[in-house]
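Student: Below you will find the structure I want to go over with you.
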Amino acid sequence: MSSDRIIFSRPFRAARELPNVEAVLTSDHSHGDGPFTAAATAKLRDITGAPHALLTTSCTHALEMAGLLLELGPEDEVIVPSFAFTSTATSMALRGSTVVFADIDLATGSLDPESVAAAVTPRTKAVVVIHYGGVAADMEGLQRLADTHGFAIIEDNAHGLGGSYRGRPLGSIGTVGALSFHDTKNVHCGEGGAVLLTDEILMARAEIIREKGTDRARFLRGAVDKYSWQDIGSSYLPSELNAAVLDAQLAEFETIQSNRHRVWDTYAAALPEWAGRNDIQLMTVPSDREHTAHLYYLRVPTEDRRDALISHLSGLGIVAPFHYVPLDSSPAGLKLGRTPNPCVRSAEFSATLVRLPLWPGLTEAQLTRVVEGVTSFAV
Ligand SMILES: *Cc1c(COP(=O)(O)O)cnc(C)c1O
């Protein structure tokens, strides 16, 4: 029977969330940069190998901080994939910079270095890359272009916490990395994020930008005896309540990831025969990358049949959504962006993609229902 709906995503519940929040509330100190902020930040440095990490109020805000740190301005261009979340582009447009759309490669759904090469101009100051679904983009190809043309790489690593590219953890490869702890991501605290940095000078400035333009972070460490206005900035520091939940989640990161991989591996093992018969492309992971099981997606030959698969699954009580709509043809993309070459693969990827339910608590019975639902659909 298929009476219970199988939802697409359900936030993980960690054992220490409520005790941690209780500890914050009874401490009479719930603003940011307390002990849970320090503990969660240390765990993030461990997972990502980044020498510096700062919690933020969201990934969008972490990307905004990247724009401030790189001193993006109206003269600059920032290359962004068309197949992307709005934050990836709007955080750059907020600095007045022109967003230049480049295309993805169909194998990973992430930025294609060749398309980036064709979009570079002398004004290109940065490239923002998403590791779509937690599978690394071609970072070597992008790094080669960055070295040649002198632009910075910003990793929008909202999907890629714990993933790697040729042994290097995602988020700490580019100049700035951004993480999301929105409740649809692998690790969450309702809303939250982080900035990852390797450069010490950028880190010193990032602390100031995050704290309303003040050197409060240095003051808390005892490095200065009072704090004052130093630079532009905003309020990007999350409360200790969010950090308390985040720290509880990160303490169970391995459990979260092994359960997500269990689901991902089940789909990867069960669907190839059906996919082969029906001309379906299943999500793949190049052998030099470790993915994060953030998403499991498949691609159906046409948009009509894709929509038919979504309705078929919906009729069986299974929620399987599509994903990003290309940004280059969006109202803001047309107004604030430039598209030097048509992003045809972004349009195709977007129109043919379906994501299957993926969260740590999915039971074997639910997984069987999803697999049977998918494989009972004839393209
Ligand atoms: C979720 C997401 C964001 C935004 O994250 P928030 O923490 O909600 O601001 C940005 N980029 C990508 C790729 C995302 O998936």
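The values are calculated or read from the model by the stated rules, or taken from the named source; none is laboratory data. Computed from a prediction, not measured in an experiment: that's the story for all the values here. As a convention, Cβ positions derive from the backbone with ideal geometry for all residues, glycine included, and neighbour counts pool all protein chains shown. Remember, those area values only see protein heavy atoms, side chains included, never the ligands or the DNA or RNA. Shrake-Rupley method; radii C 1.70, N 1.55, O 1.52, S 1.80 Å.
Student: Considering only C-alpha atoms, what is the centroid distance from region 313-379 to region 61-113, in Å?
Tutor: Value for the Cα centre distance between the two parts: 21 Å.
Student: Please arrange ASP105, ASP304 by accessible surface area, largest first, computed with a 1.4 Å probe and ligands excluded.
Tutor: From most exposed to least exposed: ASP304, ASP105.
Student: Students sometimes get this wrong: rank HIS182, HIS291 by accessible area, probe 1.4 Å, all chains present, largest first.
Tutor: If we order HIS182, HIS291 from most to least accessible, we get HIS182, HIS291.
Student: Report the net charge of residues surrounding THR339, where surrounding means a beta-carbon distance below 10 angstrom and charges are Lys +1, Arg +1, Asp -1, Glu -1. Can you show the working numbers first?
Tutor: Details: positive: ARG338; negative: ASP103, ASP328.
Overall, the nearby charge balance is -1.
Student: Hey, another quick one. Could you tell me which of rounded, prolate or oblate describes region 78-152, using a ≥ b ≥ c as the square roots of the eigenvalues of the alpha-carbon gyration tensor, with rounded for a/c under 1.5 and, failing that, prolate when a/b is larger than b/c and oblate otherwise? If you can, show how the numbers build up before the last one.
Tutor: Values: a/c = 1.84, a/b = 1.11, b/c = 1.66.
Here region 78-152 falls in the oblate category.
Student: If contacts are Cα pairs under 8 angstrom and at least 6 residues apart, what is the relative contact order of the chain in percent?
Tutor: Working: 826 pairs, mean separation 91.5, N = 379.
RCO, the chain: 24 percent.
Student: Follow-up question, since we're still on this one. With a 1.4 Å probe and all protein chains left in place, how much of the accessible area of region 253-375 comes from carbon and sulfur atoms, in whole percent? Walk me through the numbers on the way to the answer.
Tutor: Working: 3000 of 5480 Å².
Carbon plus sulfur share of accessible area: 55 percent.
Student: Given Cβ point charges of +1 (Lys, Arg) and -1 (Asp, Glu) and nothing else, what value in debye, to the nearest 20, does the dipole of the chain about its Cα centre take?
Tutor: Working: 32 positive and 45 negative charges, 58 e Å.
Dipole magnitude for the chain comes out near 280 debye.
Student: Could I ask something else about it? Can you tell me how region 278-379 classifies by the Cα gyration tensor, rounded, prolate or oblate, using a/c under 1.5 as the rounded cut?
Tutor: Working: a/c = 2.06, a/b = 1.64, b/c = 1.26.
It is prolate, given that a/c is not under 1.5 and a/b is the larger ratio.
Student: What value does region 95-134 have for Rg/Rh, both radii from Cα atoms and Rh as Kirkwood defines it?
Tutor: Details: Rg = 11.0 Å, Rh = 11.1 Å.
Computed over Cα atoms, the ratio is 0.99.
Student: How many times 2.2 N^0.38 Å is the alpha carbon radius of gyration of the chain? Write down the numbers at each step before the final one.
Tutor: Numbers: Rg = 21.0 Å, N = 379, 2.2 N^0.38 = 21.0 Å.
This ratio for the chain stands at 1.00.
Student: Would you mind checking which residues have amide H under 5 Å from GLY192's amide H? H placed 1.01 Å from N; only 5 or more apart, or other chain.
Tutor: Amide H to amide H, under 5 Å and 5 or more residues apart or across chains, GLY192 pairs with CYS59, PHE181, HIS182.
Student: How large is ³J(HN,Hα), in whole Hz, for each residue of region 250-264 in order, when computed from phi with the Karplus curve 6.51 cos²θ - 1.76 cosθ + 1.60 and θ = phi - 60°, using x for Gly and Pro?
Tutor: 5, 5, 10, 4, 5, 5, 4, 5, 5, 6, 5, 5, 4, 5, 4
Student: Moving on to the next point. Counting Lys and Arg as +1 and Asp and Glu as -1, what is the net charge of the other residues whose Cβ lies under 13 Å from the Cβ of ASP33?
Tutor: Details: positive: ARG210, LYS212, ARG216, ARG218, ARG221; negative: GLU207, GLU211, ASP215, GLU240.
Here the count lands on +1.
Student: May I pose another question? Work out from phi, with θ = phi - 60° and the Karplus expression 6.51 cos²θ - 1.76 cosθ + 1.60, the ³J(HN,Hα) of each residue of region 29-37, listed in order in whole Hz, and give x for Gly and Pro.
Tutor: 9, 10, 6, x, 6, x, x, 6, 4
Student: For region 17-251: lysine pairs with Cα atoms under 26 Å, gap of 8 or more or different chains, count? Can you show the working numbers first?
Tutor: Numbers: LYS43/LYS185; LYS43/LYS212; LYS125/LYS212; LYS212/LYS226.
Qualifying lysine pairs in region 17-251: 4.
Student: Of the candidates ALA84, ALA102, ALA146, which one comes out as most mobile in a Gaussian network treatment of the chain with C-alpha springs shorter than 10 Å?
Tutor: ALA146
Student: A further question on this structure: Take every Cα pair under 8 Å in region 5-93 that's 6+ residues apart, average their separations, divide by the length, and report that relative contact order as a whole percent. Before the final figure, lay out the partial values.
Tutor: Working: 28 pairs, mean separation 17.6, N = 89.
Dividing the mean separation by the residue count of region 5-93 yields 20 percent.
Student: Taking amide H positions as placed 1.01 Å from N in the peptide plane, with prolines and chain starts having none, which residues 5 or more places from ALA102, or on another chain, fall under 5 Å of its amide H?
Tutor: Under 5 Å from the amide H of ALA102: VAL80, SER82.
Student: Could you give the length gained by full extension between THR184 and THR121, i.e. 0.36 nm per residue of separation minus their alpha carbon distance, to one decimal place?
Tutor: Details: separation 63, 0.36 × 63 = 22.68 nm, distance 3.57 nm.
Length difference between fully extended and current span is 19.1 nm.
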